[in-house]
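What follows is one structure encoded as C-alpha cells, with my remarks underneath.
The values are calculated or read from the model by the stated rules, or taken from the named source; none is laboratory data. Because the structure is a prediction, the values reported are computed rather than measured. Ideal geometry is used to build each Cβ from the backbone, glycine not excepted, and the neighbour counts take in all protein chains shown.
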C-alpha cells in the first residue's frame, strides 16, 4: 500500500522568482506564473497544499497579446468589475487597462488559472506585479523564472 506524501509546514521552502514581462505573451506568461504559485515545479508537489513560491513581475505595461484577432483584441477584450450597487458595472478594454492599471491584466489572467477558492485567493497574494522595471523586493533576491 502506497502512502501519499503530505509535507509539513516546516518542510516547505519558499523562493522568490523574478519575471520580466517585456515582450512576453500574456497567456504563456500567466501559465508559467500559475504553475510556480501552485508549486507544480517542485518534486514534492501535493494537490491541495500551498507549496508555491513568490513571483515578482516587472514591466507589466509591456506585455504582448496574440491570437486570431490580435489587432482588434486590444479593443474587443473587455474587463468587467462591479461596485455591488445597482447599475455599478464598469467595463474597460484591454488597451485602456494596460494604460491605467497594467498589473490588473496579468493578475486577472493568472487568477483564471488558479483554483477559485480559499487556497487560490491566498496563492494570488504571493503574486507581486509592477508596471515598470522597479520593485521593492530587492531584499529577497528574486531568481529569474525560466
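Under 6 Å between Cβ atoms, which residue pairs at least 6 apart in sequence (or on different chains) link something in the stretch 1-27 that is under 30 Å from residue 94 (Cβ atoms) with a partner that is modelled with pLDDT of 90 or more and part of a loop (DSSP other than H, G, I, E, B)?
What qualifies is 17/53; 20/59; 21/59; 21/63; 22/59; 26/63.
For the stretch 82-109, what are the residues that are surrounded by 12 or more Cβ atoms within 10 Å (Cβ to Cβ) and not in a helix (DSSP H, G or I)?
Those that are surrounded by 12 or more Cβ atoms within 10 Å (Cβ to Cβ) and not in a helix (DSSP H, G or I): 92, 93, 101.
Answer yes or no as to whether residue 112 is surrounded by fewer than 17 Cβ atoms within 10 Å (Cβ to Cβ) and more than 30 Å from residue 15 (Cβ to Cβ).
no
Filter the stretch 28-49 down to the residues that are surrounded by fewer than 16 Cβ atoms within 10 Å (Cβ to Cβ), touching a residue at least 40 places away in the same chain (Cβ under 8 Å) and over 11 Å from the mean Cα position of the chain (by Cα) and list them by number.
Within the stretch 28-49, 46, 48 meet the criteria.
Looking at the stretch 121-139, which of the residues that are in a loop (DSSP other than H, G, I, E, B) and touching a strand residue (DSSP E or B) at 6+ places or on another chain (Cβ under 6 Å) is nearest to residue 53 (Cα to Cα)?
126
State whether the residues of the stretch 63-72 include one that is touching a strand residue (DSSP E or B) at 6+ places or on another chain (Cβ under 7 Å), under 23 Å from residue 22 (Cβ atoms) and either assigned to a strand (DSSP E or B) or at pLDDT 90 or above (or both).
Looking through the stretch 63-72, at least one residue is touching a strand residue (DSSP E or B) at 6+ places or on another chain (Cβ under 7 Å), under 23 Å from residue 22 (Cβ atoms) and either assigned to a strand (DSSP E or B) or at pLDDT 90 or above (or both).
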